[in-house]
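A short reminder: the numbers here are calculations on the coordinates, not readings from a lab. Note that the structure is predicted; figures quoted are calculated from it, not measured. Cβ sites come from the backbone with ideal geometry, for glycine too, and all protein chains shown count toward neighbours.
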Amino acid sequence: MADNFKLSDLSPGADTSASNPGSGPSLSTGDLRRKYNFGDRVSELNIAQDPFFRFVSKVGKKPCDDPKFKFTERRGSWHKRYAYVTAHGTTSAVGTTTDASVADGLLAVGDQYYFKMGTDYMQEGNRQNVYGQSTNAIAVGAAGTQPQFFLPGNVVKINFGASGVPGTMTGYILAKVNSVDTSSTSTHAILNTTIVKGTTGAIVDLCSYQAAAEVETDVYAESIADSLETKRCYVVGSAFGEGTGYPETWKDQPFSTGYGQTQIWKTSCAMTNTARATVLKYEGNEWARVWREKLIEHKYDIEQSLLFGSQYSDANGITYTQGAVDFIQNYGNVFSLNTGTKTQDSFLDDMSSYLDPRYNNSGATVYFCNTAVFNWLHKLGGYFKNNLEIGNLGTSSNAGNTNPFSADMAVTGKKMAAGVGVTTISTVYGDMNVVRNIHLDGTNIQMLGIDMKHCAYRPLVGNGINRDTSVYVGVQTLENSGVDRRVDQILTEAGMEWSMPEAHAVWTA
């Protein structure tokens, strides 16, 4: 049978022997003639407290000197010189035709043809759609997306398919740009082109074309590799005559800015001088024990805020920093994950979209999982790999086969990083660094993929003042008792900075 010790309550309670000291104290001490083999230590239960906070405070700490800070993101444009055909014709008045077909003979070598081009990313900052993210989604031809990169002399590759099936690519044409009209419409560019590689003479449908009522409004929901690439028309070089002089040029604007703000966390700790001066069993200094527990509690609160906080300033001027879950759900890749129905194949499809090198080639992603997903990943990468390899080596029908089929995911190692246990799971898209985070249990967040290079913990530091876990001390006197009470306040003022939203992902239930 267990006893519960209230070590923090040091008051002796009512001593009925006070009026008769000779009778001895009334405090229970058990059988005074027995030792009970009482040990010199007490067991302590340790749990994984704050994996995300540990990572960002160890490897991603960037002090700031203003409680509201700004940052800049830069996205290159050289690989984004693509657009979609939204209308086409034999004259500049391409209008809004809803027919994807190009009649026989109109795309022969040397023919002149017009294409109306629109794209799906913002020219200011080169900001594009993020897979599965409907917030701030950018439709083809939206305001601010007019293609600026088409220039006379460019050669453009335009895919086509068989008549009636425009989404199925069977070939491509090359069209040299003669002139570009960006004044007739503020959202598109109309290209006057000469065909330099044509069709075989049959009626074709342009792959990128969509009927006017169906112009891409949900491009964010389509996989780049599986769907969008066949529809995109890329600049594939240029062609000029000898001695033709300098061509035209264009300039992009690759910068965009964001802002963050710090949040103040406070945890208070109170202790009487009587308690501080009393020596106890196991941990003699009660103040040291409580102080240590309060520091852990303070870090635990920060971990919760850095995961679930939302950037906000209220009417009283209190500021709240941006949490990982809130930021990624609003700006990062979003996938669904149900461990009961999700297959390894569909999960690898998610990884393909998330780690698409056209917008995310980082290898610094840490995957924070709830318990169910953590177990699920290990089942895929451990049990399957170790027990379900398929192959019949040495059989007559399989002669010479030394590489039987096996799993594409495998647990390849475990390590400690910043005091956190990390499992490495090998996939066809690189190694996954997987960490169990119990804070995600009981939420709809199954897994967070966070590129640690593009998030930072930003404590407020300036003018010789460091608000990264500061301590304020005060002494109060208890009313009518004359007993001094020491009051310490653990204070942290810090915020999170997030950039490159396409480098983060969330899997939700």
> When the distances between all Cα atoms of the range 229-366 are binned every 5 Å from zero, what whole-number percent does each bin get?
Replying inline: 2, 6, 8, 10, 10, 10, 9, 10, 8, 7, 6, 5, 3, 2, 2, 1, 1, 1, 0
>> Binning at 10 angstrom from zero up to the longest distance, how are the C-alpha pair distances of the range 146-208 distributed in percent?
In response: 22, 42, 32, 4
> How high is the FRET efficiency between N273 and W78 when r is their beta carbon distance and R₀ equals 60 Å, given to the nearest 0.05?
Replying inline: 0.30
> Label points 7 Å out from Cα along the Cβ direction at V196 and D104: separation in nm?
Replying inline: 2.9 nm
>> For I264, I465, which order do you get if you count the other beta carbons within 10 Å of each Cβ and list the fewest first?
In response: I465, I264
>> If you average the C-alpha positions of the range 420-443 and of the range 52-87 separately, how far apart do those two centres end up, in angstrom?
In response: 23 Å
>> Between N338 and V471, how high is the FRET efficiency from 1/(1 + (r/R0)^6) when r is the Cβ-Cβ distance and R₀ = 56 Å? Nearest 0.05.
In response: 0.80
> From Cα coordinates alone, what are the radius of gyration and Dmax values for the range 261-327 in angstrom?
Replying inline: 17.0, 49
> Using the 10 angstrom Cβ neighbour count as an exposure proxy, how do H88, H79, H378 rank, fewest first?
Replying inline: H79, H378, H88
> So how do F55, F347 line up by other beta-carbon neighbours within 10 Å, fewest first?
Replying inline: F347, F55
> Each residue of the range 496-509 in order: what ³J(HN,Hα) in whole Hz does its phi give by Karplus 6.51 cos²θ - 1.76 cosθ + 1.60, θ = phi - 60°, with x for Gly and Pro?
Replying inline: 10, 10, 10, 9, 6, x, 6, 9, 10, 8, 9, 10, 10, 6
>> Straight-line reach from K281: which lysines fall under 25 Å, measuring Cα to Cα and dropping same-chain residues less than 8 apart?
In response: K6, K35, K294
>> With θ taken as phi - 60° and the coefficients 6.51, -1.76 and 1.60, list the Karplus ³J(HN,Hα) couplings across the range 273-278 in order, rounded to whole Hz; mark glycine and proline as x.
In response: 5, 4, 5, 5, 8, 8
>> Longer than 23 Å from Cα to Cα, which of K80/K342; K80/K176; K62/K453; K80/K116 are they? Say none if no pair is.
In response: K80/K342
> What ³J(HN,Hα) values, in whole Hz, does the Karplus curve 6.51 cos²θ - 1.76 cosθ + 1.60 give for the range 259-269 when θ = phi - 60°, with x put for Gly and Pro?
Replying inline: 9, x, 8, 8, 10, 9, 10, 10, 9, 9, 9
>> Report the Cα centroid-to-centroid distance between the range 231-257 and the range 325-354 in angstrom, as an integer.
In response: 36 Å
> Rounded to the nearest 0.05, what FRET efficiency is calculated for V487 and A418 with R0 set to 30 Å and r the Cβ-Cβ distance?
Replying inline: 0.40
